[in-house]
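Written out below as structure tokens is the structure these notes cover.
The values are calculated or read from the model by the stated rules, or taken from the named source; none is laboratory data. What you are looking at is a predicted structure, and each value in this text was computed from that prediction instead of being measured. When we count neighbours, we look across all protein chains shown, and the Cβ atoms used for this are built from the backbone with ideal geometry, even at glycine.
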Amino acid sequence: MAEPQDLPNTGPDAAAAQARQFISFRVGDDEFAIDIMAVREIKGWTETTVLPNQQDYMLGVLNLRGTIVPIFDLRCRFGLGLTTATRSHVVIIVAIGGRLLGLLVDAVSDILTVNAADIRPVPDVDQPIDNAFLAGIIPVGDSMVVLLSLENLFANHGPANAAIAA
Amino acid sequence: MSTPSFGSDELAQFRRTFFEECTELLADLEERLGALAAYSSDVEGLNAIFRAVHSVKAGAGAFGYTVLVGFAHRFEALLDRLRDGKAELDERTLAALVAAADVFSALVDLARQGETPADDFGADVAEELSALLKGETQTTAPIRPTASAPEAPPVDRSYRIVFRPNAELFRHANEPLYLIRELKALGTLTIDCDLARLPAFEAFNVDDAYLGWTMTLRADCSPAAIAEVFEFVDDECELIIEEIADAQAEPEVVAPPPAAEAEATNSPSESKSSETKPADAKTAGKTGSISSIRVDLYRVDRLVNMVGELVIAQAMLAQQFIETRKQDDPGALQGFEHLAGLTRELQECVMAIRMQPVKSVFSRMPRLVRDVGHKTGKDVRLEMSGEQTEVDKTVIEELADPLTHMIRNAVDHGIEDADTRLAAGKPAGGVIRLSAQHAGSNILIHVEDDGAGLDRDRLLAKAIDKGIVPASAKLSAEEIDELIFSPGFSTAAAVTDVSGRGVGMDVVRRNVQALGGRVQVVSTPGKGTRFTLVIPLTLAVLDGMVVAVGWEKYILPLTSIVESFRPGRGQIRVVPGGGEVVSIRGEFVRLIHLARVFGVSEAVSDPCQGLVVLIELANGSKLGVVVDELIGQQQVVIKSLQDNYDPVPGISGATILGNGRVALIVDIEELTRLHDRSARAVDTTRLPIAANA
């Protein structure tokens with residue numbers, strides 16, 4: 001279930017030398033990361049227009065320079081309750097399978113450059129966040145950053161076979 | 001052949017279009033020739049070149065560019081032989097093709113500028129084409145000198161040539177003028193035109209060739225060389241070539257333009273048309289060459305989007321300025337007003353780029369009426385008006401199907417057969433009127449027939465039979481008429497192969513709804529049926545009413561709004577089952593609370609505190625939408641939600657308001673279904689209510 005399908009560490013050595021960059025961000029006390037290639041822009045939180053009769057983690061839509069972009073509350077998507085968004089909250093606009101969407105997070109932390117070989121699979125442990133959302137673990141110093149699988153997070157809202165590995 | 005019924009404006013328009021197409025075709029031809037030179041013996045390439053030449057020829061024929069037609073004919077003939085493998089594509093042929101393409105495009109240019117090419121223009125290339133056509137194995141010198149110069153050759157011989165084309169000459173794209181010019185190139189030619197076969201005006205058929213010519217040629221050539229000129233027409237004419245002893249030909253005679261025969265309908269003296277034609281062509285040439293360009297629709301769409309953004313940005317800026325500066329700077333305020341005016345104008349200009357006359361769709365209909373009329377054995381005339389009414393290109397494309405269905409239905413089902421009509425005291429021939437006009441930001445299209453009208457008894461019986469309405473239902477005449485939009489209906493007593501099995505009208509309604517429009521039917525028994533399509537001019541902008549519900553703002557399409565009012569306590573009734581209705585002028589209208597359907601909190605829940613917006617649905621029934629208040633009417637740029645998200649029930653799209661926020665556009669038709677789901681109501685709710693009323 002938590003098998004990191006797209007990750008190079010399942011492949012041969014050739015991929016091991018490949019360095020990849022990730023953007024890490026904070027939701028609550030946890031650090032998460034997504035592939036920097038999927039990120040289109042990062043902006044402060046602004047009020048959204050609520051769409052009727054949607055899942056509670058679907059916060060509505062934003063006007064991103066004329067494009068209507070749906071915004072999702074990551075905390076809520078993890079089942080950890082709704083974020084009370086303020087101006088200091090951040091929306092990360094990502095592209096998944098040709099669609100743009102925004103992720104509401106608490107703060108953006110860093111850009112990580114990681115050798116693909118250093119990404120560890122997620123151990124199958126009991127945890128509040130659904131393992132399907134997690135693609136791997138990146139050790140950073142003493143702590144760790146959880147790599148997210150964007151296409152699994154929003155499988156209902158994008159093409160099933162999104163090409164972007166998170 | 002030019003048709004007298006076209007005005008000179010239209011003719012000039014057609015001519016412009018023709019030259020635009022020529023430019024494209026020639027570019028294509030050039031490209032294909034290049035490819036041909038590189039890869040050789042590419043049959044597809046030859047086909048494409050042939051088509052290009054043929055298309056230009058067909059158009060040129062219609063506008064009477066005879067030299068062009070003549071040349072094209074030769075060009076085409078050689079290409080045809082190459083295609084069929086009867087001639088070989090060698091260096092010489094290729095060179096000739098390239099040279100021919102040059103002459104061809106030069107001829108098009110001359111025609112565009114309204115100039116008549118010199119008689120021997122491109123004669124050398126034409127000669128070479130003929131040589132290749134005959135399979136002459138002439139080595140080297142791909143360009144043969146024309147029957148060498150007018151310097152009188154030492155031994156001139158005189159020939160009498162009688163040339164009487166058969167009537168169908170023109171139908172095979174032959175042109176006598178070219179042949180005569182060719183003869184003239186051989187030497188000195190005297191021509192007598194024979195009008196004897198010209199029929200009375202009533203019997204004149206513009207497609208037929210009536211003229212004949214008796215010519216005297218003084219030239220240094222063999223009879224075979226003369227026969228060669230007529231090579232392409234010798235089985236389509238009566239041709240006599242004989243040598244005459246006494247040589248006393250006039251030095252120069254102007255050949256009457258035989259192409260003018262078509263116009264000779266009006267007066268047998270051909271001079272008139274030859275005067276007017278170059279003048280027309282000249283005006284077309286002046287504007288025609290640069291008057292229009294073809295642009296990828298994607299680019300136009302981007303432009304439309306960007307201008308939409310500009311309008312929003314401008315509105316935001318102005319709003320912020322007014323809020324912060326408290327209007328203490330009249331100069332800047334004026335500047336903002338000017339900017340607002342300019343952006344509005346810019347938006348209109350950009351929208352106009354996408355606008356096209358509905359003519360392109362309408363023009364397919366006469367033929368449809370003829371065909372269906374013929375098939376059903378009915379005499380039906382189509383009258384059209386408002387073909388020049390402009391509407392967004394994307395809308396036009398979507399109009400073709402619904403119109404085709406409706407017109408076909410009108411001929412097949414609407415118009416009665418001649419006997420029935422006569423018995424009803426009507427003329428035997430039926431009339432269908434198709435018209436278009438603008439109405440605000442909509443286009444109205446009427447399809448009207450003078451047939452029997454809808455047979456309500458049979459409609460109702462069938463609807464009950466099919467279980468579309470309960471047997472006990474009491475429907476008004478209008479509601480019965482509406483039934484033809486139900487899926488799976490056939491109104492003709494016998495199912496014909498023309499209108500099929502009545503899958504038409506529900507498809508029409510669906511198509512029209514997909515365009516954000518409505519279709520209505522009005523039928524008068526014995527007098528006829530009229531369908532009205534109301535369709536927004538463009539799919540890019542919408543006239544909307546901004547309404548507030550709680551903290552949210554929604555856009556209702558203005559076209560479906562009838563009125564809005566604050567109901568009194570007594571007007572609201574609760575029907576068994578929990579549904580609310582409002583009574584207005586004796587009619588009970590179902591109420592839908594936008595806040596409840598969309599789950600908006602902090603909204604007005606009592607209709608008597610808020611407002612009821614009365615909306616007419618596509619099927620003609622009404623609906624009351626409860627909102628907090630009306631904010632105002634606004635033209636909005638429609639944005640798709642589905643570019644980045646899934647369809648949202650009840651929402652047809654989104655737009656961006658002046659404050660930069662997104663507002664959702666309500667899908668009225670879907671709203672009823674949403675509500676139905678939550679209130680456990682059935683689709684026929686309105687029927688019992690209407691029956692009670």
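What number of residues in the stretch B:546-558 are buried (at least 23 other Cβ atoms within 10 Å of the Cβ) and closer than 10 Å to B:G632 by Cβ?
The number of residues fulfilling the criteria is 1.
With respect to B:G620, determine if the residue is over 22 Å from B:I535 (Cα atoms), away from every other protein chain (no Cβ under 11 Å) and in a loop (DSSP other than H, G, I, E, B).
no
Name the residues in the stretch A:37-82 that are free of Cβ contacts under 8 Å to residues at least 40 places away in the same chain, away from chain B (no Cβ under 14 Å) and surrounded by 15 or more Cβ atoms within 10 Å (Cβ to Cβ), would you?
A:D73, A:C76
Just one of B:G632, B:G650 is within 14 Å of chain A (Cβ to nearest Cβ) and closer than 29 Å to B:V311 by Cβ; which is it?
Residue meeting the stated conditions: B:G650.
Kindly check whether there is at least one residue in the stretch B:603-612 that is under 16 Å from B:P557 (Cβ atoms) and either within 11 Å of another protein chain (Cβ to nearest Cβ) or in contact with a strand residue (DSSP E or B) (Cβ under 7 Å, 6 or more places away or on another chain) (or both).
The answer is no, given that none of the residues of the stretch B:603-612 is under 16 Å from B:P557 (Cβ atoms) and either within 11 Å of another protein chain (Cβ to nearest Cβ) or in contact with a strand residue (DSSP E or B) (Cβ under 7 Å, 6 or more places away or on another chain) (or both).
Examine the stretch B:406-416 for a residue that is surrounded by fewer than 17 Cβ atoms within 10 Å (Cβ to Cβ), in contact (Cβ under 8 Å) with a residue 24 or more places away in the chain and over 20 Å from the mean Cα position of the chain (by Cα), and state whether such a residue exists.
no
Do you know which residues across the stretch B:418-430 are surrounded by 17 or more Cβ atoms within 10 Å (Cβ to Cβ) and either touching a Lys or Arg at 6+ places or on another chain (Cβ under 7 Å) or among the aromatic types (F, W, Y) (or both)?
Answer for the stretch B:418-430, where residues must be surrounded by 17 or more Cβ atoms within 10 Å (Cβ to Cβ) and either touching a Lys or Arg at 6+ places or on another chain (Cβ under 7 Å) or among the aromatic types (F, W, Y) (or both): just B:G430.
Determine which single condition B:N644 fails, assuming it passes every other condition in (1) at the interface with chain A (Cβ under 10 Å from one of its Cβ atoms); (2) over 30 Å from B:A318 (Cα atoms); (3) modelled with pLDDT of 85 or more.
Unmet condition: (2).
I'd like the full set of residues that are more than 13 Å from every other protein chain (Cβ to nearest Cβ) and at pLDDT below 80, limited to the stretch B:295-320.
Result: B:L297, B:A318, B:Q319, B:Q320.
Take the residues in the stretch A:83-96 that are part of a loop (DSSP other than H, G, I, E, B) and of a type outside the set (V, I, T); name whichever of them is surrounded by the most Cβ atoms within 10 Å (Cβ to Cβ).
Residue satisfying both the conditions and the ranking: A:A85.
Looking only at the stretch B:198-223, which residues are surrounded by fewer than 19 Cβ atoms within 10 Å (Cβ to Cβ) and under 40 Å from the mean Cα position of the chain (by Cα)?
B:L198, B:P199, B:A200, B:F201, B:E202, B:A203, B:F204, B:N205, B:V206, B:D207, B:D208
Quick grid of which residues meet (1) modelled with pLDDT of 85 or more; (2) surrounded by fewer than 17 Cβ atoms within 10 Å (Cβ to Cβ); (3) within 30 Å of B:P557 (Cα to Cα):
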position: B:S441; (1), (2), (3): no, yes, yes
position: B:G453; (1), (2), (3): yes, no, no
position: B:R458; (1), (2), (3): no, yes, no
position: B:D465; (1), (2), (3): no, yes, no
position: B:V469; (1), (2), (3): no, no, yes
position: B:A473; (1), (2), (3): no, no, no
position: B:S476; (1), (2), (3): no, yes, yes
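Looking only at the stretch A:97-121, count every residue that is within 14 Å of chain B (Cβ to nearest Cβ) and assigned to a strand (DSSP E or B) and tell me the total.
So the answer is 5.
Run B:K393 past the list (1) modelled with pLDDT of 85 or more; (2) within 21 Å of B:A514 (Cβ to Cβ); (3) not acidic (D, E) and report the number of the one that doesn't hold.
With (1) modelled with pLDDT of 85 or more; (2) within 21 Å of B:A514 (Cβ to Cβ); (3) not acidic (D, E) applied to B:K393, the lone miss is (1).
Among the candidates B:V582, B:V574, single out the residue that is of a type in the set (V, I, T) and crowded, with 17+ Cβ neighbours inside 10 Å.
After ruling out the rest, the residue left standing is B:V582.
Scan the stretch B:653-662 and tell me whether some residue there is more than 12 Å from chain A (Cβ to nearest Cβ), surrounded by 20 or more Cβ atoms within 10 Å (Cβ to Cβ) and either touching a strand residue (DSSP E or B) at 6+ places or on another chain (Cβ under 6 Å) or under 25 Å from A:Q55 (Cα atoms) (or both).
Checked against the condition, which is being more than 12 Å from chain A (Cβ to nearest Cβ), surrounded by 20 or more Cβ atoms within 10 Å (Cβ to Cβ) and either touching a strand residue (DSSP E or B) at 6+ places or on another chain (Cβ under 6 Å) or under 25 Å from A:Q55 (Cα atoms) (or both), the stretch B:653-662 yields no hits at all.
If you check B:G550, B:G544, B:G528, which single one turns out to be on the phi > 0 side of the Ramachandran plot, away from chain A (no Cβ under 14 Å) and not aliphatic (A, V, I, L, M)?
Step by step, each of B:G550, B:G544, B:G528 is checked, and only B:G528 is on the phi > 0 side of the Ramachandran plot, away from chain A (no Cβ under 14 Å) and not aliphatic (A, V, I, L, M).
Return yes or no: is B:G308 part of a helix (DSSP H, G or I) and either surrounded by 17 or more Cβ atoms within 10 Å (Cβ to Cβ) or in contact with a Phe, Trp or Tyr (Cβ under 6 Å, 6 or more places away or on another chain) (or both)?
Considered against the rule, which asks whether it is part of a helix (DSSP H, G or I) and either surrounded by 17 or more Cβ atoms within 10 Å (Cβ to Cβ) or in contact with a Phe, Trp or Tyr (Cβ under 6 Å, 6 or more places away or on another chain) (or both), B:G308 comes out as yes.
Is it true that A:L148 is within 14 Å of chain B (Cβ to nearest Cβ), under 15 Å from the mean Cα position of the chain (by Cα) and closer than 23 Å to A:V69 by Cβ?
no
Would you say B:I592 is closer than 30 Å to B:V522 by Cα, hydrophobic (A, V, I, L, M, F, W, C) and away from chain A (no Cβ under 14 Å)?
No; evaluated as a whole, the condition is false for this residue.
Would you mind stating whether B:T529 is hydroxyl-bearing (S, T, Y) and crowded, with 23+ Cβ neighbours inside 10 Å?
Yes; evaluated as a whole, the condition is true for this residue.
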